[in-house]
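Written out below as structure tokens is the structure these notes cover.
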Amino acid sequence: MLNLEQQIVKQLEKSRQILIVLPADDDSDSQASALALFLFLKKMNKKVEIAQSKTSSDNKSLSFLPAFSEIKNSLSNLRKFIVAIDIHQAKINQIKYTIDKNILNFIISPTQGWFEQKDINLQSGEFKYDLIISIGLSDLESLGTLYDTNIEFFYKTTLINIDYRASNEDFGQINLVDLSASSNSEILFYFLKNYQEKLIDEDLATCLLAGIIQQTKNFKTTNLSPRILLTTSELISLGARREEIVNHLYRSRSLSSLKLWGKILNNLQTINNNELLWSQLTTQDFEENQNNSQSLQAVIDELIANIPQTKIIVIFYEQAPEQIKVIVRALKNQNALELLKDYSPKGTTKTAEIIVKQNLEQTQKQIISDLRKNLPN
């Protein structure tokens, strides 16, 4: 019987066109892993594409990595619709089409003979991709709109599920879920190394190392292990450009981002031994610092790295005097959508958002009161 890695290799080698999919959340580790796998499969002369649902906080922190621009936000031409016509009784002279009030009309002119309704057959063609590889998903719903608009495709196509989190629901036909790993990049490195190490070049190694550095917050998280340090050493020996990664991720912060970080720290509040953190930003804060949602996500990541016991982080962002955007980042098996279920949230289990039509003070008091119920006394 084939082991998991052998099953994956078998699927890769027989596939014609592969789709790599990522969670809608801004998960840099998943992005970096996907880029590494994309480069690897290209070296195998495979047709491969990457897709990730577009979110309001699109993460561009890894845009310096090779092939980052290849990440698509939607799936196009996923399946062809075929109109088949039996022409044994007629010879075709001309085919035209017209569009009339959203109706597509095919006009077929025979040189001789005729067509009858029974000669026409309608059918759906095969899907464009014959293999899906998901990286960093806890479930298919984590894909966001990619899944919502293509449910049949995801259920009818062979799927390889790669992840390291205990929350993973083993939804794939093949599930490479390693709970001992600290990142998806670590899992993927050992798979690629065992499969065809000779294909791991500097670009590929750089992608994997970027995922590890981002996931461990530059080796500051509490789940560091000897294996992750060994993995890092091996990637650097394979040509991973560590200085380039650190420069882009940690040494190129804009002045506006630093000011935003200061505002959030100044307004930071916490309860229950730092398990619940929250801060607020006024409209003026964002206008003064010329920040965007990407900068805000980076600040949230810094909070996670520096306060590891945190379970819930909340940012109250005043868009107008009576319109407050609330961003909730859930950690340690918390579910952001579940936490905000009474407010019709949008987003994923990791990061959810709501809009509340009342002032900042009232909103903050109400939401924090609700979230406290999800923490131990």
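The values are calculated or read from the model by the stated rules, or taken from the named source; none is laboratory data. It should be emphasised that the depicted structure is a prediction, and the values quoted were computed from it without experimental measurement. As a convention, Cβ positions derive from the backbone with ideal geometry for all residues, glycine included, and neighbour counts pool all protein chains shown.
Condition first: among the small types (Gly, Ala, Ser) and farther than 24 Å from LEU2 by Cα. Can you find one or more residues in region 174-189 that meet it?
yes
Checking each residue in region 96-137 for being closer than 24 Å to GLN17 by Cα and either modelled with pLDDT of 80 or more or of a type in the set (Lys, Arg) (or both) picks out GLU126, PHE127, LYS128, TYR129, ASP130, LEU131, ILE132, ILE133, SER134, ILE135, GLY136, LEU137.
Scanning region 141-183 for residues that are surrounded by fewer than 21 Cβ atoms within 10 Å (Cβ to Cβ) and either in contact with a Lys or Arg (Cβ under 7 Å, 6 or more places away or on another chain) or part of a helix (DSSP H, G or I) (or both) yields GLU141, THR145, TYR147, ASP148, ILE151, GLU152, PHE153, PHE154, TYR155, LYS156.
Scan region 359-373 for residues that are closer than 14 Å to THR270 by Cα and loosely packed, with under 14 Cβ neighbours inside 10 Å and report the count.
The total comes to 2.
For region 340-358, the tally of residues that are surrounded by 15 or more Cβ atoms within 10 Å (Cβ to Cβ) and part of a loop (DSSP other than H, G, I, E, B) stands at 5. Within region 214-266, the residues that satisfy the criterion of being among the charged types (D, E, K, R), touching a residue at least 60 places away in the same chain (Cβ under 8 Å) and closer than 23 Å to TYR164 by Cβ are LYS217, LYS220. Within this structure, GLU202 passes the test of being over 20 Å from ASP301 (Cα atoms), surrounded by fewer than 18 Cβ atoms within 10 Å (Cβ to Cβ) and in contact with a Gly (Cβ under 7 Å, 6 or more places away or on another chain). Criterion first (surrounded by 10 or more Cβ atoms within 10 Å (Cβ to Cβ), in a helix (DSSP H, G or I), outside the structural domain of ASN335 (by TED's automatic domain parsing) and modelled with pLDDT under 90) does GLU186 satisfy it? So GLU186 fails the test.
The rows are residues; the columns are (1) under 18 Å from the mean Cα position of the chain (by Cα); (2) surrounded by fewer than 11 Cβ atoms within 10 Å (Cβ to Cβ).
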| residue | (1), (2) |
| --- | --- |
| LEU35 | yes, no |
| SER63 | yes, no |
| PHE68 | yes, no |
| LEU78 | no, no |
| ASP86 | no, no |
| ILE95 | no, yes |
| ASP100 | no, yes |
| SER109 | no, yes |
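In summary, ALA205 fulfils each of the numbered conditions (1) under 27 Å from SER63 (Cβ atoms); (2) more than 23 Å from the chain's Cα centre (by Cα) with the single exception of condition (2). Is it true that LEU331 is in contact with a Ser or Thr (Cβ under 7 Å, 6 or more places away or on another chain), within 21 Å of THR216 (Cα to Cα) and either without any contact (Cβ under 8 Å) to a residue 60 or more places away in the chain or among the small types (Gly, Ala, Ser) (or both)? When the stated conditions are applied, LEU331 passes them.
Which one is surrounded by the most Cβ atoms within 10 Å (Cβ to Cβ) among residues in region 278-333 that are modelled with pLDDT of 75 or more and among the small types (Gly, Ala, Ser)? It comes out as ALA330.
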